[in-house]
Structure formats: structure tokens, C-alpha cells
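A quick write-up on the structure given underneath.
Since every read-out is calculated from the coordinates, none of them should be taken as a lab result. Given the structure is predicted, the values throughout are model-derived calculations rather than measurements.
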Amino acid sequence: MAYTPTTWTDGDLITAEKLNKLEAGVQNEQVGPQGPKGDVGAQGPAGADGADGAAAGFGTPTATVDANTGTPSVTVTASGPNTAKVFSFAFKNLKGAKGDTGAQGPAGETGPRGQQGAQGAAGARGPAGKGVKSIALTTTGGVVTGGTVTFTDDSTAPITVTAAEA
């Protein structure tokens, strides 16, 4: 607060109150008015490390699920100190009621033909087929007119000769 001096004149009475005001003003002036803000000083040395705090963390969480149907719910329980909280989750009624079997959908389109697979193993040899055992030809005047074929199973068949027109 700024000092307001007393204007003294001859014959003024000097009182304790006026002297105390003078003393306070002198004391304030010894401190002086506040000067301009100075420059920022250099950074001081680092302080000592503080003590380690308590470790924060979690314990092993657990979860249970029942096999009931109904309105789904979960109960969460926390236990243990703040440095090792353990959370337990109890889920209830997550299973829905069994639904009806739906209608069969339409048949899908036939897909493209797949690649040919590897050749299979050879099958067993079949029975021997008929072979020709002999042929007997009939001639008339030096011209073949017919005959008989005999097969390997001794069955026979007639040979018919037809003339082609030249």
C-alpha cells in the first residue's frame, strides 16, 4: 500500500497514531517497491529418487457359465487389495431354448465337373473268348460256294457266299 505523508504545520500535536503511521511508512520504503521480473535462472541439480510406490495389478480373473435358459445376466465380483484385484464373472442364462427345425431349402445348382481321378488298378482277367479252330470251304466247279467254321469251343456256324456284281 502506498504511503501518504502527513503535511505538518507549526503547532501540530504529535500523537502516537501519527508516529506509528510514520514508522510504518519508513519500514515499507526500506523494502522498496517491487521491481521488474527477472530472467529465468539455470536449472538446479536433480533431486534424489523417491521411494518406490506399491505395485498395481490384477490377480487371475475367473468366469463361470451355467447351462440354463432365460434372461442373460452376469454378476461381477471384485476381491483382493488394489494391488492385486481379482474379478470373478458369473454368467447366467446364456443358452437359448431349442428352436424348431427349419424347412429344407431348395436344391443347389449342379456344380462343374470335377477333374478326372487317377487310373484304377487292373481288373481280373476274364474268360477266354471264342476263337476260330478251322474253316471248311465248299467249292463247285472251282468256285467257293459256302462252308463251315468250327470255333474253339467246337460249336459251328455256316459260311454263306454271295456274289458281288462287277
Notebook entry, point to check: Whole-Hz Karplus ³J(HN,Hα) for the stretch 12-21, in order, using 6.51 cos²θ - 1.76 cosθ + 1.60 and θ = phi - 60°, x for Gly and Pro?
Noted result: 5, 8, 8, 10, 4, 4, 6, 5, 5, 5
Notebook entry, point to check: How large is ³J(HN,Hα), in whole Hz, for each residue of the stretch 140-155 in order, when computed from phi with the Karplus curve 6.51 cos²θ - 1.76 cosθ + 1.60 and θ = phi - 60°, using x for Gly and Pro?
Noted result: 9, x, x, 10, 6, 10, x, x, 9, 9, 10, 8, 5, 8, 6, 7
Next item on the list: Please report, in Å, the Rg and the Dmax of the stretch 1-81, where both are computed over Cα atoms only.
Entry: 36.8, 108
Item checked: For the chain, built as a Gaussian network whose Cα springs stay under 10 Å, the top-fluctuating residue of N93, N68, N28 -> N28
Item checked: Alpha-carbon centroids, the stretch 1-65 and the stretch 139-159: separation in whole Å -> 145
Next item on the list: Sum -39500 (n - 2.57) across every DSSP H segment of at least 4 residues in the chain, then divide by the residue count to get the 222 nm mean residue ellipticity, nearest 500.
Entry: -3000 deg cm²/dmol
Notebook entry, point to check: If the chain were replaced by its equivalent ellipsoid, with semi-axes equal to the square roots of 5 times the Cα gyration tensor eigenvalues, what would those be, largest first, whole Å?
Noted result: 134, 33, 22
